[in-house]
Amino acid sequence: MDYKFAMISLGCAKNLVNSEQMLYLLDEAGCQLVSEPDGADFVIVNTCGFIDSAKSEAIDNILEMAELKKNGRLGKIIVTGCLPERYKDEISSELPEVDAFLGVGSFSDIVTAVESCMDPDGPRCCYTAFAGNSEAIDEIPRVVSTGPGWAYLRIAEGCNNFCAFCAIPYIRGRYRSRKIENIVEEAKDLASHGVKELIVIAQDITRYGTDLYGKRTLAKLCRELSEIDGIEWIRLHYLYPDQFDDELIDEIASNEKIVKYLDIPIQHINNEILKSMNRRGTGEDIRILFAKLREKIPGVVLRTSLIAGLPGESEKEFEELCDYLKEARIERVGIFPFSPEEGTPAAQMDHVDYEEAQRRADLIMELQAPIMDAFCASFVGKTVKVLCEGRDEESGLCFGRSFADSPDIDGLVYFEGDCPAGEFASVDIDEAEDGFLYGNQSGYEG
Ligand code: SF4
């Protein structure tokens, strides 16, 4: 098959890994990836579908492709991932412009889908494959699309937490850990291709191994990953607050390769809201955990995700959240207005309207801005290790990330220097502004 195709990958990093797996399978089949859908034989839109804004983005992209197809500038449209999975019963009739749909359990069917769509004598009807969302994870190699020097490492799929506001467990299925030897093998392969930073992801990485080995195994996995030559940074995302035990905290504190940056979504701090949202643990548990992490891991950078306007949140509960943020001074915060998702328990509960939820989210970002600015300013006069990601054409400066920056969601470090992309530099910071740091390269690291 020597078709030219384009890939539009939407949503989270876990979905990006699925896109990278489809890139590998199509490359093996002889297809050629092109940067633009215009003029391609087919396009894949790998969708997200867990909240309204993500669904709208997916549909906008699909309709844009349908316009190209109608004008004869694109061959076929293949839609994969969470949107078709969530709406598998009605999506073909809703989007007749699309030639094939693959659910979250059928990414490995991409070549068959292409063969079916591109076959002039093939079936006229739309090709669909929905293999179910709780099957064992396909161990498919990837064409890594991130970097240079870093890559996501997905260690599990699905979620059993069933937070009342979240549709992901209904889309991505039950929690399934990958075998530790498969993960380590993949990490070794990534390191052999120049990857130095692994960003460990799943819906909930703290639960890793509980299904497969009957116990939490993230600390053991981190130890094994840190023994791989070439890997210098292991960054942990999506840690569930009540799944932290002393073994994991001690491993993070003592393992030099584990980046002292922890992403721990708490969503809220009020006990009644946490309870009604089916979140395990109390506000007090979160306070104790964050204080313990700061004591046991000096200089740790905490990132969290919050939802404003959750059911049950009146001005009183919202104030409680704001007061906690002022006290906890969390360095990195992502805030989302509550979006009542059909099929979730929270959607049936009383809640403020979207405008009010958005107003509260904006207030939290205003509250957080000086906290994050002060954190950035604390780097001025220091030398930081930076993973260089390239050179900015406009300014001519190199740019990259420090340990305190995760890709696409945090800041960047701009610096005068000659560090190649994918390598580490030591940078003397002399300025901080709007979440970005500026400085001069003083050497190489690693
Ligand atoms: S932990 Fe909660 S919010 Fe996160 S994916 Fe699972 S159910 Fe959704």
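State, in angstrom, two size descriptors of region 349-446 derived from its alpha carbons: Rg to one decimal place and Dmax to the nearest whole number.
So, for region 349-446, Rg and Dmax equal 16.8, 57 Å respectively.
Answer rounded, prolate or oblate for region 1-105, using the Cα gyration tensor with square roots of eigenvalues a ≥ b ≥ c: rounded when a/c is under 1.5, else prolate when a/b is larger than b/c, else oblate.
oblate
Taking the Cα centre of region 148-254 as origin and charging only Cβ (+1 Lys, Arg; -1 Asp, Glu), how large is the dipole, in debye to the nearest 20?
Charge dipole of region 148-254: 480 debye, to the nearest 20.
Over region 99-148, calculate the relative contact order: mean separation of alpha carbon pairs under 8 Å at least 6 apart, over the residue count, as a percent.
46
Could you point to the residue in Leu321, Tyr213, Ile183 farthest towards the positive end of the chain's charge dipole, with +1 and -1 charges on the Cβ of Lys/Arg and Asp/Glu respectively?
Tyr213
Of the trypsin sites (Lys or Arg not before Pro) in region 166-246, which ones lie in a loop per DSSP and count no more than 13 other C-beta atoms within 10 Å?
Qualifying residues, ordered by number: Arg174, Lys215.
Any idea what log10 I(q)/I(0) is at q = 0.06, 0.11, 0.14 Å⁻¹ for the chain, Debye with uniform C-alpha scatterers and no solvent?
Values, matching the q order: -0.27, -0.95, -1.47.
Between Asp408 and Lys70, what is 0.36 nm times their sequence separation minus the Cα-Cα distance? Round to one decimal in nm.
Taking 0.36 nm per residue and subtracting the Cα distance, the gain is 118.3 nm.
Run through every distinct alpha carbon pair of region 91-139 and return the Kirkwood hydrodynamic radius in angstroms, one decimal place.
Taking the inverse mean of 1/r over all distinct Cα pairs, region 91-139 comes out at 11.6 Å.
Identify unpaired cysteines across the chain, taking unpaired to mean no other cysteine Cβ lies under 4.7 Å from the residue's Cβ.
So far as the 4.7 Å Cβ criterion goes, Cys12, Cys31, Cys48, Cys82, Cys117, Cys125, Cys126, Cys159, Cys222, Cys322, Cys376, Cys398 stand without a partner in the chain.
Bin by bin, in steps of 10 Å, what percent of the Cα pairs in region 111-176 do you find, going until the bin that has the longest distance?
Going out from 0 Å in 10 Å bins, region 111-176 shows 16, 28, 33, 21, 3 percent.
Between Phe436 and Gln348, what length comes free when the chain is fully extended (0.36 nm per residue of separation minus the Cα-Cα distance, one decimal in nm)?
Contour length minus Cα-Cα distance gives 27.6 nm.
How large is the Kirkwood hydrodynamic radius of region 160-313, in angstrom, based on all distinct alpha carbon pairs?
After inverting the pairwise mean of 1/r, the radius is 16.5 Å.
Need the full-extension length gain, Ser53 to Ala253, defined as separation in residues times 0.36 nm minus the C-alpha distance. One decimal, nm.
Contour length minus the Cα-Cα distance gives 68.3 nm.
Report, please, the projected area of region 267-426 averaged over directions, based on the convex hull of its C-alpha atoms, in nm².
Over all viewing directions, region 267-426 projects a mean Cα-hull area of 11.8 nm².
Sorted from largest down, what three extents in whole angstroms do the Cα atoms of region 33-81 have along their principal axes?
31, 21, 15
How high is the FRET efficiency between Val184 and Val111 when r is their beta carbon distance and R₀ equals 35 Å, given to the nearest 0.05?
0.80
Which FRET efficiency, nearest 0.05, do Asp418 and Arg174 yield, Cβ-Cβ r, R0 41 Å?
E(calc), rounded to 0.05, equals 0.25.
Go ahead and estimate [θ] at 222 nm for the chain from helices alone: -39,500 (n - 2.57) per DSSP H run with n ≥ 4, summed, over the residue count, rounded to 500.
Calculated mean residue ellipticity at 222 nm is -10000 deg cm²/dmol.
Antiparallel DSSP bridges in the chain: what percent, to the nearest 5?
Percentage antiparallel, nearest 5: 35.
From the mean inverse distance of alpha carbon pairs (Kirkwood) and the Cα radius of gyration, derive Rg over Rh for region 187-261.
0.96
Please calculate how many Å² of accessible area the chain carries per residue, with a 1.4 Å probe and no DNA, RNA or ligand atoms counted.
42
Return the distance in nm (one decimal) between the two label points of a simple spin-label model at Glu28 and Phe130, each offset 7 Å from Cα along Cα→Cβ.
According to this spin-label approximation, the distance is 2.7 nm.
So how much accessible area does Val144 have, in Å² to the nearest 10, using a 1.4 Å probe?
Looks like 50 Å² after rounding.
Would you grab the residues whose amide H sits under 5 Å from the one on Gly149? Only those 5+ places off in sequence or on another chain, please, with H modelled 1.01 Å from N.
Here the answer is Lys196, since their amide H atoms fall under 5 Å of that of Gly149.
Do you know the relative contact order of region 174-326, to the nearest whole percent, from alpha carbon pairs under 8 angstrom that are 6+ apart?
Dividing the mean separation by the residue count of region 174-326 yields 20 percent.
Suppose R0 equals 25 Å; then what is the FRET efficiency for Lys326 and Ser305 from their Cβ-Cβ distance, rounded to the nearest 0.05?
Efficiency, rounded to the nearest 0.05: 0.90.
Tell me the Kirkwood radius of region 274-313: reciprocal of the mean inverse pair distance over distinct alpha-carbon atoms, in Å.
When all Cα pairs of region 274-313 are included, the Kirkwood radius is 11.9 Å.
The values are calculated or read from the model by the stated rules, or taken from the named source; none is laboratory data. No experiment lies behind these values; they were computed from the predicted model shown. Cβ atoms come from the backbone with ideal geometry, glycine included; neighbour counts cover every protein chain shown. In case anyone asks, the SASA skips ligands and DNA or RNA and just uses the protein heavy atoms, side chains included. Shrake-Rupley method; radii C 1.70, N 1.55, O 1.52, S 1.80 Å.
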